[in-house]
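The values are calculated or read from the model by the stated rules, or taken from the named source; none is laboratory data. Only a predicted model underlies this, so the values are computations on that prediction, with no experimental measurement involved. Note that we place each Cβ from the backbone using ideal geometry, even for glycine, and neighbour counts take in every protein chain shown.
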Amino acid sequence: MPEGETLPAFRPLPQKTPDVTMTRKGEAIYICANQPPGARPKSIPHALDERATMHPERAFLRERDPQTDEWVTLTYGEAKRITDSLAQAFLDLGAGPGAPVMLVSGNSVRAAMVILAAQKIGAPAAPISVPYSTMSTDFDKLKHCFHAVKPAVVFAEQLAPFRKALAALPAAAFRIVSAEPEGDNAVLAYDALTSTVPTPAVTAARDALTDASIGKYLFTSGSTGMPKPVPQTQGAMCSLISGQEGLRENSRDPEYDPDRIDNFLDWLPWNHISGSNVNFNGALWNGSTFWIDGGKPTPALFHETIRNIREASPSVFGTAPIALAMLAEAMEQDETLLKAFFRNMRSVGYGGATLSDDLYDRLQALSIKATGRRIPIVTMYGATETQGITVVHWEVERVGLIGLPLPGTTLKLVPNGEKLEVRVKGPTVMPGYHNDPKKNAEVFDEEGFYCLGDAVKFVDENDPNKGLVFDGRVGEDFKLSSGTWVSVGTLRPDFVAACSPLIFDAVICGQDKDFATALVWPSPAAAEQYVKAAGDPARGFAALVSDLTRKAAVFNASEQGSSRRIKRLMVMTEAPSIDAGEITDKGYVNQRLVISRRANLVQALYAEPPAPGVILL
C-alpha cells in the first residue's frame, strides 16, 4: 500500500480481548487468563450423541467418493447410529480401556466412525502416521507403536496398501477390520460391523467415561527416537474445548448469525493434535460440517485442496504455513479461487511452524482484494503432550505471536540462557507418557509443569496482554565459534521469507563454526516455473539459483550482526523425508535431524575451498 494510507479494518473476530495476570516467583514468571473456562461436554462421545439429538439431519462429515468423485455426506444422526453399532462390534472383539483400536490408514468418514466408536466404549483410538506403513521398508516405527499400546483391533480402510505392514505385526494378537477386505476371510468387513445391533452395554460404557478415561493415544513425531505414546484423556480433550469456549464473545462480531453452520475444510492428519483434537473435535462440538480434504501441501496433491476450496468455500480454515504459502501462490494467479476462499472465511489459522512476514502480507493483500477487509490470522500453540495451551484470539498486525494462555491453563516462563523457556500446567496436559516413568520424570519440573523445550518472549514486557512471541526451540539454537548465539527460530522464517517464493524451507547450520550457513529446499512450484521458462531442467535450475543468490544477498545486506547473516548456502535436490523424521506430515522440519542425516552436505558448506554446489554470499 502507498505509504501513509490507512489499512482496511479487520473482519470482526468473535473472541474476548486479552486479559491475563502475570506474577513472579523468584526468576520464574507465571501467566494465566482471567477469563474462566466455558462450557464443555462430559466426553467427546457425549458431544456426538448430543449433537445427533439436537440436529440429526445436519451434515456432519463430507468426503469425495473415490468411484464417483462426488461428495458423500454423513449426518450427525447417521454418525450416532454407526458408532453405536461399531462400538458393540468392538466390544465383541475384546476392545476396551486396556485394549485399544489402532488405525493405520488416514483421514476418512470411516476412520472418524472408528475413532468415535472406540472412544464410546472407553477403548483408546490410536491413529498411526500413514507413512509408517506405506513408506517404510522395515516397519520399525509401526511395530514400535503396535507393541506400545497392544491393540485388540486394527483398522485399515483399504487392505492392499497395508498388507505388508500388517504382515509385519503379530497376527494372533489382533483382528483386522477393513472397508475393502478383498475376499480375505481373516479380515472383518467394516460394513458388516456397522450392522451390529447395539446392546445397553454401549450406553453403559459411554456413561462410565470420566475425565481420566483415555480417548486416544497420539504418538510424538519420533524425531528424537522412537515415537512416544501420549494418552489423550477425555478430560484433556474436553478442557481444550472449554478453554476455547471461555474466550468466545459472539457480540464482538456484528455479523454473527446463530443459525449459521460453519464449514471446516481440513487435511491435517488425525494422528496429530491439530487435525484431531483441535479441528475435528472443535467441529463436532460446534455442530459444524467437516469436509475431509483429500489434498496435501505437495506438488502432486495440492491441486485437490484447491478444487475442494472452490466447492466448499469454507468458513474455517487452519493449516500449516507451507500449505498457506502454496495457497497464496495459487490465489494470486486465480481470481475465481480467491473469491471462493474468502467468500465465507471468518479467520485463517496456522500452526506447526512460524508464519513469515512476507506470507502474512500476501494473505492480507489477497483478503483486501477479495473482501475489502483484512482477515484475522490466528494460531494456537501446543504439543501432543499438552493439547493447545495458548491462542491468538484477537486481531494482530504481525506474525510470530503464539498468543496467551487459554482459560484454565497456567504458563511458567523460566530463564534458560538468554531465553525464556516455556512450561505449562493445566487440565489439557497429559498425565504422562504411556508406560514410561523414566521419561515422565524428565519432562515435568518440581512444580508439575510440563517442559516443552520451546522459548518465548514478550511483545512488551510491561504489558503482557500484548502477547507472547515464539522464540525458537531451546535445543535448536546454537553458538558460533565467537560465542554469539544464533536464534534459529527467528532467523529461519525471516530468511525463508526473504527468499520467497523460491524456497519453501531452510535448515540453519553453524554450531561452533565461524559463520552461519543454510541448506534450502526449492519451492516445487517455483522450480517448475523456472524449468518451463528455460525449456531445460539444468538451465531452469541455474536460473533459480541465480535469483535465489540475489535474494539471499539482499537479506544479508539488511542485517547487522553475524548471528543474522547467511554466508553460504546449498540448494538440496532430495526432498525432506517423512519416513526418516526430517519433516512431519504437517510440514514441520526437524532442524537437528536434517543436519545429522545430511552431515555430508553440512561438511561441504564449510569445506575449504568450498565444495561444488556451495553458493557464496
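Which of the residues spanning region 453-477 are acidic (Asp, Glu) and over 24 Å from the mean Cα position of the chain (by Cα)?
Going residue by residue through region 453-477, those that are acidic (Asp, Glu) are 454, 460-461, 463, 471, 476-477.
Listed by number, the residues that qualify are ASP460, GLU461, ASP463.
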Report task. Could you name every one of the helices (runs of 4 or more DSSP H) located completely within region 159-274 that has at least 1 residues being touching a residue at least 60 places away in the same chain (Cβ under 8 Å) and closer than 30 Å to ARG310 by Cβ? Result -> 234-245
Query raised in the report: Take the residues of region 470-510 that are β-branched (Val, Ile, Thr) and farther than 15 Å from LEU355 by Cβ: which is surrounded by the fewest Cβ atoms within 10 Å (Cβ to Cβ)?
Result: THR484
Query raised in the report: Taking ASN590 and the conditions (1) modelled with pLDDT of 85 or more; (2) buried (at least 19 other Cβ atoms within 10 Å of the Cβ); (3) not β-branched (Val, Ile, Thr), which numbered condition does it fall short on, given that it satisfies the others?
Result: (1)
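So that you can scan it fast, the table gives a plain yes or no per residue for (1) modelled with pLDDT of 90 or more; (2) not β-branched (Val, Ile, Thr):
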residue: LYS457; (1), (2): yes, yes
residue: LYS466; (1), (2): yes, yes
residue: GLY475; (1), (2): no, yes
residue: GLY489; (1), (2): no, yes
residue: ILE503; (1), (2): yes, no
Query raised in the report: Looking at region 160-176, is at least one residue closer than 28 Å to TRP291 by Cβ, in contact with a strand residue (DSSP E or B) (Cβ under 6 Å, 6 or more places away or on another chain) and of a type in the set (A, V, I, L, M)?
Result: no
**Report entry** Hey, GLU447 closer than 20 Å to ILE29 by Cβ and part of a loop (DSSP other than H, G, I, E, B) or not
**Finding:** yes
**Report entry** Residues located in region 355-397, provided they are out of contact with any helix residue (DSSP H, G or I) (no Cβ under 6 Å at 6 or more places or on another chain) and either assigned by TED's automatic domain parsing to the domain that holds ALA506 or part of a loop (DSSP other than H, G, I, E, B) (or both)
**Finding:** GLY372, ARG373, PRO376, GLU385, THR386, VAL392, HIS393, TRP394, GLU395, VAL396, GLU397
Report task. Could you tell me whether GLY287 is in contact (Cβ under 8 Å) with a residue 60 or more places away in the chain, in contact with a His (Cβ under 7 Å, 6 or more places away or on another chain) and under 24 Å from ILE115 (Cα atoms)? Result -> yes
Query raised in the report: Do we find that ILE578 is surrounded by 12 or more Cβ atoms within 10 Å (Cβ to Cβ) and under 30 Å from ASP140 (Cβ atoms) in this structure?
Result: yes
Report task. Please determine, by comparing only the residues of region 392-419 that are surrounded by fewer than 22 Cβ atoms within 10 Å (Cβ to Cβ) and of a type in the set (A, V, I, L, M), which one is farthest from TYR381 (Cα to Cα). Result -> VAL414
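Yes/no per residue for (1) surrounded by fewer than 21 Cβ atoms within 10 Å (Cβ to Cβ); (2) in contact with an Asp or Glu (Cβ under 8 Å, 6 or more places away or on another chain); (3) within 30 Å of LEU327 (Cβ to Cβ):
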{"position": "ALA542", "(1), (2), (3)": "yes, no, yes"}
{"position": "ILE566", "(1), (2), (3)": "no, no, yes"}
{"position": "THR573", "(1), (2), (3)": "yes, no, yes"}
{"position": "TYR606", "(1), (2), (3)": "yes, no, no"}
Query raised in the report: (1) assigned to a loop (DSSP other than H, G, I, E, B); (2) in contact with a Phe, Trp or Tyr (Cβ under 9 Å, 6 or more places away or on another chain): which one isn't true of SER500, the others all being true?
Result: (2)
Report task. Output yes when any residue across region 522-538 is of a type in the set (Asp, Glu), touching a residue at least 60 places away in the same chain (Cβ under 8 Å) and either in a helix (DSSP H, G or I) or in the same structural domain as PHE302 (by TED's automatic domain parsing) (or both), and no when none is. Result -> yes
Query raised in the report: Consider ARG252 against the criteria (1) touching a His at 6+ places or on another chain (Cβ under 9 Å); (2) surrounded by fewer than 23 Cβ atoms within 10 Å (Cβ to Cβ): it satisfies all of them except one. Which criterion is unmet?
Result: (1)
Report summary line: Selection from region 98-155 of residues within 18 Å of the chain's Cα centre (by Cα) and assigned to a loop (DSSP other than H, G, I, E, B) yields SER105, GLY106, ASN107, SER108, ILE128, SER129, VAL130
**Report entry** Residues of region 8-36 that turn out to be under 28 Å from the mean Cα position of the chain (by Cα) and not aromatic (Phe, Trp, Tyr), as a count
**Finding:** 17
Report summary line: Taking region 131-151 and keeping residues within 17 Å of ALA95 (Cβ to Cβ) and in contact (Cβ under 8 Å) with a residue 60 or more places away in the chain leaves CYS145, ALA148, VAL149
Requested in this report: Taking the residues in region 322-354 that are touching a residue at least 40 places away in the same chain (Cβ under 8 Å) and in a helix (DSSP H, G or I) as candidates, determine which candidate is farthest from LEU452 (Cα to Cα).
Outcome: GLU329
Report task. Considering only region 469-479, state which residues are out of contact with any Phe, Trp or Tyr (no Cβ under 6 Å at 6 or more places or on another chain) and part of a strand (DSSP E or B). Result -> VAL469, PHE470, ASP471, GLY472, ARG473, PHE478
Query raised in the report: Among LEU103, LEU93, which is the only one that is closer than 27 Å to SER129 by Cβ and surrounded by fewer than 21 Cβ atoms within 10 Å (Cβ to Cβ)?
Result: LEU93
Report summary line: Residue set ALA179, ALA208; condition in contact with a Lys or Arg (Cβ under 6 Å, 6 or more places away or on another chain) and either surrounded by 23 or more Cβ atoms within 10 Å (Cβ to Cβ) or modelled with pLDDT of 95 or more (or both); output residue ALA179
Requested in this report: Filter region 570-617 down to residues that are over 30 Å from TYR132 (Cβ atoms), touching a residue at least 60 places away in the same chain (Cβ under 8 Å) and in a strand (DSSP E or B), then give me how many there are.
Outcome: 1
Query raised in the report: ILE309 passes all but one of (1) assigned to a helix (DSSP H, G or I); (2) in contact with a Leu (Cβ under 8 Å, 6 or more places away or on another chain); (3) not assigned by TED's automatic domain parsing to the domain that holds GLY352; which number fails?
Result: (3)
**Report entry** strands (runs of 3 or more DSSP E) contained in region 1-82 and holding at least 2 residues in contact with a strand residue (DSSP E or B) (Cβ under 6 Å, 6 or more places away or on another chain) and surrounded by fewer than 17 Cβ atoms within 10 Å (Cβ to Cβ)
**Finding:** 20-25, 71-75
